[in-house]
């Protein structure tokens with residue numbers, strides 16, 4: 001079965017990229033005597049904690065989309081979910097964006 005989204009040379013180029021990538025990682029591990037794997041582990045742990053801190057910050061500062069707060073945005077989100085035919089609706093949250101997108105009902109700055 002031929003997929004029309006796959007270009008003619010894409011499969012062979014993917015195989016070449018895979019082989020070159022494996023050779024590169026093997027050389028990196030062998031030439032650094034495994035030290036690169038230790039750095040990779042520390043980098044992953046840093047990423048894990050940074051991502052967790054970001055999610056905690058977002059949950060603490062963002063407003064959940066509900067019918068009482070931000071009903072227009074919630075309706076737009078529901079429409080996008082229905083358009084994508086997603087089975088899970090999830091829970092949306094909105095952050096203020098650092099003042100870059102003020103609410104139309106309330107001015108962000110008042111000059112006197």
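Here are a few things to note about the model shown:
- With respect to being within 30 Å of residue 91 (Cα to Cα) and at pLDDT below 90, residue 8 falls outside the description.
- Taking every residue in segment 54-69 that is on the phi > 0 side of the Ramachandran plot and pairing it with any residue that is surrounded by 10 or more Cβ atoms within 10 Å (Cβ to Cβ), at least 6 positions away or on another chain, yields no pair with a Cβ-Cβ distance below 6 Å.
- Helices (runs of 4 or more DSSP H) contained in segment 1-100 and holding at least 2 residues under 21 Å from the mean Cα position of the chain (by Cα) and surrounded by 11 or more Cβ atoms within 10 Å (Cβ to Cβ): 35-61, 71-84
The values are calculated or read from the model by the stated rules, or taken from the named source; none is laboratory data. Keep in mind the model is a prediction, meaning the values are calculated, not measured. Neighbour counts run over all protein chains shown; Cβ positions are idealised from the backbone, glycine included.
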